[in-house]
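As structure tokens, the structure follows; a few thoughts come after it.
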Amino acid sequence: MTLETVSETRCFGGVQGVYRHDSTETGTPMRFAVYRPPQAERGPVPVLWWLSGLTCTEENVTVKAGAQRTAAEHGLMLVAPDTSPRGLDLPGEHDAYDFGSGAGFYVDATEAPWSAHYRMYSYVRDELPALVAAHFPMDPARQGIFGHSMGGHGALVLALRNPDRYRSVSAFAPIVAPTRVPWGEKAFTGYLGHDRAAWTAYDATALVADTAWRGPILVDQGDADTFLGTQLTPDVFLDAAQAAGVHVTLRMQPGYDHSYFFIATFIGDHIAHHAAALRA
């Protein structure tokens, strides 16, 4: 598994890097960011996967969230993949911000032409962890996952479907019920086809009703988020989780919107949430 170093920079006693490799899942070159805390110089450390939202790349959280300071304090490695394959120029791939380029929705597409490349679920769950474990001092037995918006959706889905893989999960303004909102309906129709029953494999609200996940879930949501009532609907997920006996802490944050200013304000709380579970 060949890895190309794009950049490495000293940061809070550790190293912030960006890397590129040829992906077998997507059939394209893929970039991702890794923050290695200073503790990684002494041996393997827990890893925390960050999944970004619509239009983002690995760069957004790396330069905007200010997560490295807290990650260094807790000794956590942070890994942030891109949000979709790049460089394909498929028909219609770049026509809208909420489908195609930058909008992989962390699914394995089943509809042509997307099915050959848009396999972000398997890329994040299988290929990227194997690559990171081969090149960086990560402890595969201690993994957590979190994300924002589309990435919050991805984090919840991956955790709920793979409770043996991840020890902790949290999300910022996640799309918790994509089968019921315009963003999800558009993306799932394109990637997965018209059989709505197949969509539920990537719907956190549907999954939480029948999951082995029993750890605490932290969700932060700004009450000034312009997408709150139309695309995010956190109360729907909260109700389903409570009915299933899954503990969710939903924090409605007054005055906060959907931006990285919101994420930067509370990301320390999220990293602490994961650190507590990953140290156990």
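If I histogram all Cα-Cα distances within the range 17-128 using bins 5 Å wide from 0, what percent of pairs lands in each bin?
Cα pair-distance distribution for the range 17-128, in percent: 2, 12, 21, 22, 17, 12, 7, 4, 2, 0.
What percentages, rounded to whole numbers, describe P(r) for the range 160-264 computed over all alpha carbon pairs with 5 Å bin width beginning at zero?
Using 5 Å bins, I get a P(r) of 2, 13, 21, 22, 19, 16, 6, 1 for the range 160-264.
Take His135, His273, His153 and sort them by solvent-accessible surface of the protein heavy atoms, 1.4 Å probe, largest at the top. Let's see the in-between values first.
Details: His135 80, His273 40, His153 0 Å².
Result of the area sort, largest leading: His135, His273, His153.
Between Asp95 and Asp210, what is the label-point separation in nm under the 7 Å Cα-to-beta-carbon projection?
3.5
If you put +1 on each Lys and Arg Cβ and -1 on each Asp and Glu Cβ, how big is the dipole of the chain around its Cα centre, in Debye rounded to 20?
Numbers: 20 positive and 30 negative charges, 167 e Å.
The calculated dipole for the chain is roughly 800 debye.
Can you pull the Rg over Rh of the range 214-280, Cα-only, Kirkwood? Walk me through the numbers on the way to the answer.
Working: Rg = 13.0 Å, Rh = 13.0 Å.
With Rg and the Kirkwood Rh in hand, the quotient comes to 1.00.
Could you give the dipole magnitude of the range 171-244 about its Cα centre, charging the beta-carbon of Lys and Arg +1 and that of Asp and Glu -1, in debye to the nearest 20? Don't skip to the end; give the middle numbers.
Numbers: 4 positive and 9 negative charges, 41 e Å.
Roughly 200 debye for the range 171-244.
Which of the peptides 142-149, 110-117 is most tightly packed, and how do the rest follow, going by the mean number of other Cβ atoms within 10 Å of each residue?
Ranking the peptides 142-149, 110-117 by packing returns 142-149, 110-117.
For labels at Thr24 and Ala272 in the simple 7 Å Cα→Cβ model, what's the distance in nm?
It works out to 4.2 nm between the two label points.
Given H placed on each backbone N at 1.01 Å, which residues far from Ile145 in sequence or on other chains put an amide H within less than 5 Å of it?
Trp49, Ser168, Val169, Ser170
Projected onto the charge dipole of the range 122-280 (+1 at Lys/Arg Cβ, -1 at Asp/Glu Cβ, origin at the Cα centre), which of Tyr256, Leu131, Phe188 gives the Cα projection farthest towards the positive end?
Leu131
Hull surface divided by four, with the convex hull built on the Cα atoms of the chain: how many nm²?
With the hull built on Cα positions only, its mean projection is 13.2 nm².
With runs of 4+ DSSP H residues as the only contributors, calculate the mean residue ellipticity of the chain at 222 nm using -39,500 (n - 2.57) per run, divided by the residue total and rounded to the nearest 500. Walk me through the numbers before you get to the answer.
Values: 9 runs with 84 residues, N = 280.
That comes out to -8500 deg cm²/dmol.
Ignoring any ligand, DNA or RNA, what whole percent of the accessible area of the range 52-116 comes from carbon and sulfur when the probe is 1.4 angstrom? Working shown, then result.
Numbers: 1170 of 2430 Å².
After summing per-atom areas, the C and S share lands at 48 percent.
Where does each of 195-202, 73-80 land if you order them by average Cβ count within 10 Å, highest first?
In decreasing order of mean packing, 195-202, 73-80 become 73-80, 195-202.
In debye, nearest 20: dipole of the range 21-72 around its Cα centre with unit charges on the Cβ of K, R (+) and D, E (-)?
Working: 5 positive and 5 negative charges, 57 e Å.
Around 280 debye, computed over the range 21-72.
Identify, among Gln221, His117, Gly87, the residue whose Cα sits farthest towards the positive end of the charge dipole of the chain, taking +1 on the Cβ of Lys and Arg and -1 on the Cβ of Asp and Glu, with the dipole about the Cα centre.
Farthest along the dipole direction, towards plus: Gln221.
Would you list the membrane-span-like helices of the chain, meaning whole DSSP H runs whose alpha-carbon atoms span at least 27 Å along their axis and whose mean Kyte-Doolittle value is at least 0.0? Walk me through the intermediate numbers first.
Details: long enough: 260-279 (28 Å, 0.73).
Helices meeting the span and hydropathy rule in the chain are 260-279.
Per-residue counts of other Cβ atoms within 10 Å, averaged by peptide: what ranking do you get for 252-264, 210-222, 169-181, highest first? The partial results should precede the final answer.
Values: 252-264: 16.2, 210-222: 18.6, 169-181: 26.0.
Answer by packing, highest mean first, reads 169-181, 210-222, 252-264.
Any chance you could look up the accessible area of Glu127 with a 1.4 Å probe, heavy atoms only, rounded to 10 Å²?
Probe radius 1.4 Å; accessible area of Glu127 about 30 Å².
The values are calculated or read from the model by the stated rules, or taken from the named source; none is laboratory data. Predicted, not measured: the structure shown is a model, and the values here were computed from it. When we count neighbours, we look across all protein chains shown, and the Cβ atoms used for this are built from the backbone with ideal geometry, even at glycine. Only protein heavy atoms, including side chains, enter the accessible area calculation; ligands, DNA and RNA are left aside. Shrake-Rupley method; radii C 1.70, N 1.55, O 1.52, S 1.80 Å.
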